[in-house]
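Only one structure is covered here, and it is reproduced in the block below.
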Amino acid sequence: MSLESQMLQYLISGLTLGSIYALIAIGLVVTFNITGIFNLALGEFVTLGALVSIALYAAGLPLVAAFALAVLFAAALGALMERAAIHPARKADATILTLVIITIGVGIAIRGASLLIWGTHPYTLPAFSQHAPFTVGGAVVIPQSFWVLGLAVVCVAALFAFFEFTYLGKAVRACVMNRTAARLVGINPQRLSLAAFAATGALGALAGIFITPITFATYDMGFMLGLKGFVAAILGGVTNVPGAIIGGFLLGILEAFGVGLVGSGLKDAVAMIVMIAVMLVRPTGILGAFRREG
């Protein structure tokens, strides 16, 4: 394979990885903007989406039905997490740090439950398309990569339409700008918080389902995915969705090139290096820094 083909292969791999990181980062940013906290258990919802859909498919359900039920389960669990853990802590005037620690604890509990139910075995799902891999400029592209990229595009378009053209989306934006003023005009931030946790749980499950045909699903896969989604959110700026998307794709590309040019040992280190560099150079993230300087 020529050098140009290798570079293109790394780019394609980076875009596929970046799509998943971007989806997780979007979930983190949306939850943060509405509730003021990072849901650091989101990576575990990626795991649940993958493993629950695998279990339902193995039980004999059609693939689409297994996916739909897994997403609904993750959304319901996200809502339960908010009502049973986050909401009572807020009523008790818990600090933001306490709420974040609660999400970490929920994530650890979900990971432990996943270990008990599914064990340490790796699982996979059949590819959504049975088409043979494509060759583009000497690089090999598997059809599932298009599904992952398509999911990212659809989710971004749906979020844009939601925030721009729906009443609830405008209510969310109002709540982000000024929670007290939002209450005065009849917007209930508590309901929005519930919806945010449910929606981001579903989003995480979708990411897990779409990536599983490419890589194996394990009980602990969500930890690093959630961490990298968090880094992507910081990289793009934690207060805007476009920044989360850019951060996710940029992190995925950097990771793919780091692994390809240096070695697989750098795979997980790239995210930490990027996070430290961003916090030192541009603490507000790429888009946040540009907007401030402009």
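The values are calculated or read from the model by the stated rules, or taken from the named source; none is laboratory data. All figures in this text were calculated on a predicted structure; none of them were measured in a lab. Backbone-built Cβ (ideal geometry, glycine too); neighbour counts: all protein chains shown. Ligands, DNA and RNA are excluded from the accessible area calculation, which covers all protein heavy atoms including side chains. Shrake-Rupley method; radii C 1.70, N 1.55, O 1.52, S 1.80 Å.
Can you go through Gly27, Gly105, Gly43, Gly14 and tell me which one is modelled with pLDDT of 90 or more, closer than 22 Å to Val148 by Cβ and small (Gly, Ala, Ser)? Let's see the steps before the verdict.
Working: Gly27 fails: modelled with pLDDT of 90 or more; Gly105 fails: closer than 22 Å to Val148 by Cβ; Gly14 fails: modelled with pLDDT of 90 or more.
That would be Gly43, the only listed residue that is modelled with pLDDT of 90 or more, closer than 22 Å to Val148 by Cβ and small (Gly, Ala, Ser).
In the stretch 135-159, which residues are more than 16 Å from the chain's Cα centre (by Cα), surrounded by 13 or more Cβ atoms within 10 Å (Cβ to Cβ) and among the β-branched types (Val, Ile, Thr)?
Val140, Val141, Ile142, listed by residue number.
Pairs, please: C-beta under 9 Å, at least 6 apart or cross-chain, first residue at positive phi and among the basic types (Lys, Arg) and in the stretch 94-121, second in a helix (DSSP H, G or I) and surrounded by 15 or more Cβ atoms within 10 Å (Cβ to Cβ)?
Pairs found: none.
For the stretch 211-231, how many residues are among the hydrophobic types (A, V, I, L, M, F, W, C), open to solvent by less than 30 Å² (accessible area, probe 1.4 Å) and within 20 Å of Ala55 (Cβ to Cβ)? Explain how you work it out, then say what you get.
Going through the stretch 211-231, the residues among the hydrophobic types (A, V, I, L, M, F, W, C) turn out to be 211, 214, 216-217, 221, 223-225, 227, 230-231.
Those left that are additionally open to solvent by less than 30 Å² (accessible area, probe 1.4 Å): 211, 217, 221, 225, 231.
Of the ones still in play, those that are also within 20 Å of Ala55 (Cβ to Cβ) are 211, 217, 221, 225.
Residues flagged as among the hydrophobic types (A, V, I, L, M, F, W, C), open to solvent by less than 30 Å² (accessible area, probe 1.4 Å) and within 20 Å of Ala55 (Cβ to Cβ) within the stretch 211-231 amount to 4.
Within the group Ser19, Ser13, which residue is assigned to a helix (DSSP H, G or I), of a type in the set (Ser, Thr, Tyr), more than 23 Å from Ala109 (Cβ to Cβ) and open to solvent by 10 Å² or more (accessible area, probe 1.4 Å)? Before you say what the answer is, go through the steps one by one.
Values: Ser19 fails: open to solvent by 10 Å² or more (accessible area, probe 1.4 Å).
From the options Ser19, Ser13, the qualifying one is Ser13.
Which of the helices (runs of 4 or more DSSP H) found entirely inside the stretch 25-134 contain at least 1 residues meeting this: touching a Phe, Trp or Tyr at 6+ places or on another chain (Cβ under 9 Å) and either open to solvent by less than 50 Å² (accessible area, probe 1.4 Å) or of a type in the set (A, V, I, L, M) (or both)?
Values: elements: 42-58, 63-81, 87-91, 96-118.
The qualifying helices (runs of 4 or more DSSP H) are 42-58, 63-81, 96-118.
Say we look at the stretch 232-269 and pick out the residues that are of a type in the set (D, E, K, R) and surrounded by fewer than 17 Cβ atoms within 10 Å (Cβ to Cβ); which of these is farthest from Ser5 (Cα to Cα)?
Initial filter on the stretch 232-269 (of a type in the set (D, E, K, R)): 255, 267-268.
In the following step, the residues that additionally are surrounded by fewer than 17 Cβ atoms within 10 Å (Cβ to Cβ) were identified as 267-268.
Details: Lys267: 21, Asp268: 24 Å.
This residue is Asp268.
Could you list, in sequence order, all residues of the stretch 165-189 that are of a type outside the set (A, V, I, L, M, F, W, C) and at pLDDT below 80? Working first, answer last.
First pass over the stretch 165-189, keeping only residues of a type outside the set (A, V, I, L, M, F, W, C): 166-167, 169-170, 173, 178-180, 183, 186, 188-189.
If the condition is that a residue be of a type outside the set (A, V, I, L, M, F, W, C) and at pLDDT below 80, then Tyr167, Gly169, Lys170, Arg173, Asn178, Arg179, Thr180, Arg183, Gly186, Asn188, Pro189 are the ones that fit.
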